[in-house]
Amino acid sequence: MKTNEIGKPTNRVDGRLKVTGEAKYAGEFNVPNLAYGFVVNSAIAKGKIKKIDTSKALEVEGVLEVFTHENRPGYVWFDKNYKDMDAPPGSPFRPLYDNEIKFSMQPIALAVAETFELARYAASLVRIEYETSPHDTDFETNIESAYVPEEYKSGEPSEPWGQPDQALASAPVQIEGDYTHSSQHHNPMEMHASTVVWKDDGKLTVYDKIQGVMNTQQYVTHAFGMQPEEVQVISPFVGGAFGSGLRPQYQLFLAVLAARELKRSVRVTLTRQQMFSFGHRPKTMQRFALGASKEGKLEALKQDVFAETSRFENYSEDVVIWAGVLYKCGNVKLSHKLVELDVYTPLDMRAPGGTTGIFALECAMDELAYKLGMDPVEFRLKNYSEKDQNEDKPFSSKELRECYRQGAEKFGWEKRNLEPRSMKEGHNLIGWGMAHGAWEANQAQASAKAVVTSDGKLTVSSATADIGTGTYTVMTQIAAETLGIPLDDVTFKLGDSSLPDAPLEGGSKTVSTVGTAVKSACDKVRERLLKLAQQVKDSPLVEASLEQVIFEGGQISLKSESSKAVSIMAAMSQNQGKAIEEEVSSKPADNQSDYARYAHVATFVEVKVDEDLGTIKVTRVVSAVAGGRIINPKTARSQILGGVVWGIGVAMEEDTVMDNNLGRFMNHDLDKYHIPVNADVHDVEVIFVEEKDEIVNPLGAKGLGEIGIVSVAPAIANAVFHATGKRVRELPITLDKLL
Amino acid sequence: MKNKPEHENTETASLSAPPKEAVTLHINGEAKQLEVEPWTSLLDFLRDHLNLTGTKKGCDHGQCGACTILVDGKRINSCLTLAVMKDGSEITTIEGLAKEGELHPVQQAFIDHDAFQCGYCTPGQICSTVGLINEGKAKTLDDIRDLMSGNVCRCGAYTNIVKVVQEALERSQAK
């Protein structure tokens, strides 16, 4: 395909709105007569509300109502009605359903008032008496009672292949280890918020922070017994989500409830502290046993995963698939068990399962390579997988070798001394580590509509989201390229439930899924435009088929003789001033399922560890990515840079600390829950290696939202080992673990 | 010795919002006579009362910098400031940086370097950059990283943000 827009490092089309403050997020639609809600959260982790006294709050002038389980309307009832598109198997949490407390910080009341300040004040006046029951939030002591769920949210672990036990027993070189990390919270910069606009006819317009407006619409209509035409959901900008917006969060339910009961528009915005009161990346413990031949061939692999879930839903993610994707090994045994605790259900968080599974896998492989005395890159090349062994399928494309080569070259890997503690600079120990990773490159079904008006302008729309990923920009590029018109003549619309259906923005599949629908819709428009162009008086295109013309520079011209052309404007003039409109639903091609489809990455890291103080600085990162065709190198690079920053957080900072006495996350703010700041991030380089893939989708593009993070934490952990000789198997690697 | 105020029994006192106070705020070059409840933060006042939603709330506790604005040329966290405290001050928010439709060079540089993704921390980052240059303290790359660390970006755009600040610093030094 000749490219004019695809592949260009284009500035974000929504950039101006974002740098001027004009971009409006869910909690910023200031509609007339808006009331404000403030949530009261449970102080205990388990038990019952014995008494909830709202009388003092209701005395405050300007307070409209305090909603609790006692005055919740009866129409919100059935369990299944609360299921959203991303719900794990089980029974979803129902806010204000009854007096039962299932987790600490459970929402138990909503104070609604004329102003935000009054609502907050009123919330502080609600008095609650609890009847506490013994809770259990201790992951470690419950590992023994871990269970296999009846149904996994993720894929089921593959059946063992080969003879893992025998192969391990007879392998001359072996390692085993337990790798752990704590719970982590998404903490997008924008707190979850919903502004629910109530109209006189009872219909609602809902501005929601969500990674897919159709999920909010489904949730509200099901939970409140409404019809889709009664609930329009709008979400033009999302201030980060990273998975936290895959499921509608409780502020939505509470805002809708209050708006319907009060017959008034209501906004509920969570506080930063309340951002720790719903889903999180589940804590895991992963037990690895690896065996290899003396020559470094991987002979056996066992991975047993234990992961946290709530008592009401069985959350799971793909933690155990990565060995079969990334390493060739004939004898493998995998398991994934859940540990039920009195917490809220975990939630997909940037590269769920990959971030944690690849961390443990890649640290274990590094340990094995050291035991073999092999360079980690050489070890990975020796055990390179040519197919996904979980499903016994070939890869649609896999340029991982090129990632190693280009990444190592850029990093200067050949200058590395294998020996730990062998590189020093003043009082700093220098460590170089690496890891590789993969992330799924899936396509789902989606619809898009393309409309060309008589002025030659194109509007394309789909109910997808842009959570900072660049959806607005890349869809505009794809549409402009397909019709051969300038970017300025294209508008892409998203984040509105009245637009053609699109799935949740998650799993790095939006370019693949919505991009394909956009291209298909524009392809249909091309057919229509060519027919119109053929009706132009003395048209040089009368005999031409679609294959014989190109769309470029606002013109449709013959490939064989570019001077024979009709402009799009001239073609449109044949349509009696009417617009051309095409809506298309696109599905993955049938042959996709014959292949394993993944993006790949190799990450090289330098750390400097102060020998006396144990402070760790990640001074250099090179991330080499094979992600298919890159639609926009500028926004693509930003995705990978962001993934690397997340990896630094996972490796060294992020740690939601559970106080098992209280059953409560203790560090529930941005002061105590550390995420990387500017001073934590130094030299980061991103390389995109060339990768052609005609299977993955018609664009040949793989998603990039998650591939950037997956191998960063293990590369850092491996670099810390190289620097210090100390293997830390428990994230985050804080300085106390090195002293 | 002053008489001690009589102990106010909050259980029986009438509960209502505190009375409003008159303030004059010069916001983005325009003087505004306003009535403000003393418990309203400058951030909430801008966002909820003046509909200047470009200034963002990310934590309400001075821990993230999303609410950074310029008060008399200095960058502050508007969430840690009550609106009544700024009577008579010159306040610049993100909405006031572009002049007659032309972006401030720092705004344009944020676009050109793709120094944001979701855009939510961006107004704070931009105001913070302008404030940092005004302070004149930053000299080196490490200074920039340190002095911009009060503005958290969860999308992780730091690499590009640093480039913008470097450029702005060079521009200011060239003057």
Any hit, region A:445-465, residues being touching a strand residue (DSSP E or B) at 6+ places or on another chain (Cβ under 8 Å), under 30 Å from A:Leu301 (Cβ atoms) and at pLDDT 95 or above: no
Do you know which residues across region A:71-91 are crowded, with 20+ Cβ neighbours inside 10 Å and within 13 Å of A:Arg311 (Cβ to Cβ)? A:Pro88, A:Gly90
Enumeration of residues in region A:608-628 that are surrounded by 24 or more Cβ atoms within 10 Å (Cβ to Cβ) and either outside the structural domain of A:Thr724 (by TED's automatic domain parsing) or not in a strand (DSSP E or B) (or both): A:Gly627
When restricted to A:Ser235, A:Ser194, A:Ser158, the only residue over 30 Å from A:Arg264 (Cα atoms) and under 25 Å from the mean Cα position of the chain (by Cα) is A:Ser158
Those residues of region A:655-671 which are more than 9 Å from chain B (Cβ to nearest Cβ), out of contact with any Pro (no Cβ under 6 Å at 6 or more places or on another chain) and in a loop (DSSP other than H, G, I, E, B) amount to A:Val657, A:Asn660, A:Asn661, A:Leu662, A:Gly663, A:Met666, A:Asn667, A:His668
Checking the structure you have, find out if any residue of region A:564-576 is of a type outside the set (D, E, K, R), part of a loop (DSSP other than H, G, I, E, B), surrounded by 17 or more Cβ atoms within 10 Å (Cβ to Cβ) and not assigned by TED's automatic domain parsing to the domain that holds A:Pro420. no
With respect to B:Gly54, determine if the residue is facing chain A (nearest Cβ under 9 Å), surrounded by 19 or more Cβ atoms within 10 Å (Cβ to Cβ), under 30 Å from A:Lys8 (Cα atoms) and without any contact (Cβ under 8 Å) to a residue 24 or more places away in the chain. no
Name the residue that is surrounded by the fewest Cβ atoms within 10 Å (Cβ to Cβ), counting only residues in region A:455-494 that are of a type in the set (Val, Ile, Thr) and within 14 Å of chain B (Cβ to nearest Cβ). A:Thr473
Mind counting the residues in region A:238-284 that are among the basic types (Lys, Arg) and under 21 Å from the mean Cα position of the chain (by Cα)? 4
Residues within region A:536-549 that are exposed (fewer than 15 other Cβ atoms within 10 Å of the Cβ) and under 20 Å from A:Glu582 (Cβ atoms), tallied: 3
Taking region A:165-218, which residues are surrounded by fewer than 24 Cβ atoms within 10 Å (Cβ to Cβ), in contact with a helix residue (DSSP H, G or I) (Cβ under 9 Å, 6 or more places away or on another chain), among the acidic types (Asp, Glu) and not in a strand (DSSP E or B)? A:Asp201
Run A:Gly21 past the list (1) without any contact (Cβ under 8 Å) to a residue 12 or more places away in the chain; (2) on the phi < 0 side of the Ramachandran plot; (3) outside the structural domain of A:Phe237 (by TED's automatic domain parsing) and report the number of the one that doesn't hold. (2)
Answer yes or no: is there a residue in region A:677-696 that is outside any loop (DSSP other than H, G, I, E, B) and among the basic types (Lys, Arg). no
I need the full set of residues from region A:122-163 which are more than 22 Å from A:Gly353 (Cβ to Cβ), among the acidic types (Asp, Glu) and touching a residue at least 24 places away in the same chain (Cβ under 8 Å), in order please. A:Glu129, A:Glu131, A:Asp136, A:Asp138
Just to check your reading of the model, which residue among A:Ser385, A:Ser454 is polar (S, T, N, Q) and closer than 28 Å to A:Gly155 by Cβ? A:Ser385
Which members of region A:703-739 meet the condition of being among the acidic types (Asp, Glu) and in a loop (DSSP other than H, G, I, E, B)? A:Glu706
Which is surrounded by fewer than 23 Cβ atoms within 10 Å (Cβ to Cβ), of a type in the set (A, V, I, L, M) and modelled with pLDDT of 95 or more, of A:Leu641, A:Leu662, A:Leu704, A:Leu670? A:Leu662
With the requirement that a residue be out of contact with any strand residue (DSSP E or B) (no Cβ under 6 Å at 6 or more places or on another chain) and on the phi < 0 side of the Ramachandran plot, what does region A:237-256 give you? A:Val238, A:Ala241, A:Ser244, A:Gly245, A:Leu246, A:Arg247, A:Pro248, A:Gln249, A:Phe253
Condition first: surrounded by fewer than 21 Cβ atoms within 10 Å (Cβ to Cβ) and in contact with a helix residue (DSSP H, G or I) (Cβ under 8 Å, 6 or more places away or on another chain). Now tell me which residues in region A:395-406 satisfy that. A:Arg401
Within region A:581-599, residues farther than 30 Å from A:Ser454 by Cβ, small (Gly, Ala, Ser) and assigned to a strand (DSSP E or B) come out as A:Ala596, A:Ala599
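The values are calculated or read from the model by the stated rules, or taken from the named source; none is laboratory data. Here the structure is a predicted model, which means the values were calculated and not measured. When we count neighbours, we look across all protein chains shown, and the Cβ atoms used for this are built from the backbone with ideal geometry, even at glycine.
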